[in-house]
1. Output the Kirkwood hydrodynamic radius of the chain, Cα pairs only, in Å rounded to one decimal.
2. Sum up the charges of everything whose Cβ sits under 9 Å from the Cβ of P36, counting Lys and Arg as +1 and Asp and Glu as -1, but leave P36 out.
3. Straight-line reach from K17: which lysines fall under 20 Å, measuring Cα to Cα and dropping same-chain residues less than 8 apart?
4. Treating the beta-carbon of each Lys and Arg as +1 and of each Asp and Glu as -1, no other charges, what is the dipole magnitude of the chain about its Cα centre, to the nearest 20 debye?
5. According to a simple spin-label model (label point 7 Å from Cα along Cα-to-Cβ), what is the distance in nm between E41 and L2?
6. To the nearest 0.05, what FRET efficiency results for T16 and E54 with a Förster distance of 35 Å applied to their C-beta separation?
7. First select every other residue whose beta carbon is under 12 angstrom from the beta carbon of T15; then total the charges, Lys and Arg +1, Asp and Glu -1.
Amino acid sequence: MLTTLKVPKTGGIPTTKANVVRWLKREGEHVGRGEPVVELETEKVSYQLESPLEGILIKILAQENSQVPVGEALCQIGPRQNSVSS
């Protein structure tokens, strides 16, 4: 089951979009619960968005230096899969 990480509404700040500054993880990398995945910036604040769960960063949907509206998808995180030997 995939989880979509979205641009959150920041508490108390009337923000409609965030800039993707840089990805701290790459597609295919393991992410731990609470681990920073992406650095975002609004007009008022810069912050690192953390993963809500442990898994694998499956797909980056928003590229660095792009603006993403609040509530829109940034990436997809999927369950960690066991490696299979050939």
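Every number in this text was worked out from the coordinates using simple rules, so none of it is lab data. The model shown is predicted, which means the values in this text are computed figures rather than measured ones. Neighbour counts run over all protein chains shown; Cβ positions are idealised from the backbone, glycine included.
1. Values: mean 1/r = 0.0753 Å⁻¹.
Averaging 1/r across every pair of different Cα atoms and inverting gives 13.3 Å.
2. Neighbour charge sum, excluding P36 itself: -2.
3. Cross-link targets: K6, K9, K44.
4. Numbers: 10 positive and 10 negative charges, 29 e Å.
Once rounded to the nearest 20, the dipole reads 140 debye.
5. Reported label-point gap for L2 and E41 is 2.9 nm.
6. Numbers: r = 31 Å, r/R0 = 0.88.
Efficiency, from the Cβ-Cβ distance: 0.70.
7. Its environment carries a net charge of +1.
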